[in-house]
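Reviewing the structure listed below.
Nothing in this text is a laboratory measurement; each read-out follows from the coordinates by a stated rule. The model shown is predicted, which means the values in this text are computed figures rather than measured ones. We place every Cβ from the backbone using ideal geometry, glycine too, and count neighbours over all the protein chains shown.
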Amino acid sequence: MGLLIDTEVEKGCRIGLWDIVEDYETLFRITYLNGEDIRRLNAFRSLNRKMEWLSVRALLQLMTRPDARIVYNGRSRKPYMDDGAYNISVSHSYKYTSVLLGKDKKVGVDLEYMSHNIERIAHKFISNQEVISKDPLFRRKHLYLHWCAKEALYKIGDKADVSFSENLIIKPFEVCSQGDIIGIIQNDLQKEEYRMHYMLENNYALVYCTK
């Protein structure tokens with residue numbers, strides 16, 4: 001089992017991080033699935049997609065209860081626990097999976113493996129008012145953390161009427177191994193500030209927030 005983190009980040013909120021070291025058969029065996037889950041799993045053509053999907057459920061069940069399941073809002077495809085015990089946000093990238101739980105708070109988490117040339121798409125999610133390091137040692141990490149922070153905001157903000165470059169703003173911050181980021185959601189429906197936490201781990205960037 002590749003559990004890396006299972007910790008309470010604040011009262012009623014827990015984050016889990018899983019390194020997918022298992023093969024498919026092992027991961028399938030340790031994950032509780034009902035008939036509907038198995039049909040959904042079999043619909044995925046990619047083995048990697050199946051592994052990601054299973055790892056989210058295995059991690060959730062380890063953090064909560066052995067038969068915990070995820071259901072989705074029909075319109076936004078936002079994930080929920082079947083018994084409503086926690087608000088939930090999930091993310092996976094390459095070999096890592098993360099689950100963030102909130103008992104009484106909304107939650108958002110994003111995880112990215114820093115393998116791509118993110119500079120090429122930076123114009124799609126960075127606004128003119130945001131500050132990105134010019135130092136090549138930090139710029140790539142800075143961009144990935146901005147992307148993860150905006151994904152986390154997008155998830156916690158219920159995905160409504162949001163442009164990453166116009167409606168999600170990240171205040172200046174320095175890149176360290178971990179730290180806090182202040183992000184803002186601003187559109188016709190809301191203008192709200194969020195304090196997020198980030199960490200860099202084995203070429204992964206992870207950002208989460210609660211509200």
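For every other residue with a beta carbon closer than 15 angstrom to the beta carbon of I132, add +1 if it is Lys or Arg and -1 if Asp or Glu, then tell me the sum. List each step's numbers first, then the result.
Details: positive: R120, K124, K134, R139, R140, K141, K150, K171; negative: E119, E130, D135, E174.
That works out to +4.
Ranking T7, T31, T26 by Cβ neighbours within 10 Å, fewest first, what do you get? Walk me through the intermediate numbers first.
Numbers: T7 9, T31 21, T26 13.
Least to most surrounded, the residues fall as T7, T26, T31.
Computing FRET efficiency as 1/(1 + (r/R0)^6) for L4 and Q190, where r is the C-beta to C-beta distance and R0 is 30 Å, gives about 0.35. A full extension of the chain between L47 and Y80 corresponds to an added length of 9.5 nm, given 0.36 nm per residue minus the alpha carbon distance.
Among the listed pairs K141/K171; K11/K50; K106/K134; K124/K155; K134/K171, give every one whose C-alpha distance is greater than 22 Å. Present the calculation step by step, with values, prior to reporting the outcome.
Values: K141/K171 15 Å; K11/K50 32 Å; K106/K134 34 Å; K124/K155 18 Å; K134/K171 16 Å.
Correct reply: K11/K50; K106/K134.
When the chymotrypsin sites (Phe, Trp or Tyr not before Pro) in the range 168-207 are filtered for DSSP coil states and for at most 16 other beta-carbon atoms within 10 Å of their beta-carbon, no site remains. Computed over the chain with a Gaussian network model linking Cα atoms closer than 10 Å, the most mobile of K50, K191, K150 is K191. Residue by residue, the range 58-67 carries 3J(HN,Hα) couplings of 4, 5, 4, 5, 5, 7, 10, 9, x, 10 Hz when phi is fed to the Karplus relation 6.51 cos²θ - 1.76 cosθ + 1.60 (θ = phi - 60°); x denotes Gly or Pro.
Note on the chain: helix-only mean residue ellipticity at 222 nm, from DSSP H runs of 4+ residues weighted -39500 (n - 2.57) and normalised by residue number, equals -8000 deg cm²/dmol.
Which net charge results for the neighbourhood of L60, defined as the other residues with beta-carbon distances under 14 angstrom from its beta-carbon, given Lys and Arg at +1 and Asp and Glu at -1?
On the way: positive: R14, R57, R65, R69; negative: D6, D37, E52, D67, D82, D83.
Computed value for this residue: -2.
Considering only L100, W147, F44, the residue lying farthest towards the positive end of the dipole of the chain is F44, judged by Cα position with unit charges set on Cβ. Taking the chain as a Gaussian network of alpha-carbon nodes connected by springs under 10 Å, the highest mean-square fluctuation of the residues I121, I182, I20 belongs to I121. Fewest-first ordering of D110, D82, D19 by other beta carbons within 10 Å of each residue's beta carbon gives D82, D19, D110. Considering only A152, A85, A68, the mean-square fluctuation computed in a Gaussian network model of the chain, springs between alpha carbons under 10 angstrom, is largest for A85.
Here the residues I15, I88, ranked from fewest to most Cβ neighbours within 10 Å of their Cβ, fall in the order I88, I15. Simple spin-label estimate for Y94 and C176 gives 2.4 nm between the two label positions (7 Å along the Cα-to-Cβ direction from each Cα). Around the Cα centre of the chain, unit charges on the Cβ atoms of Lys, Arg, Asp and Glu (plus for the first two, minus for the last two) sum to a dipole of about 400 debye.
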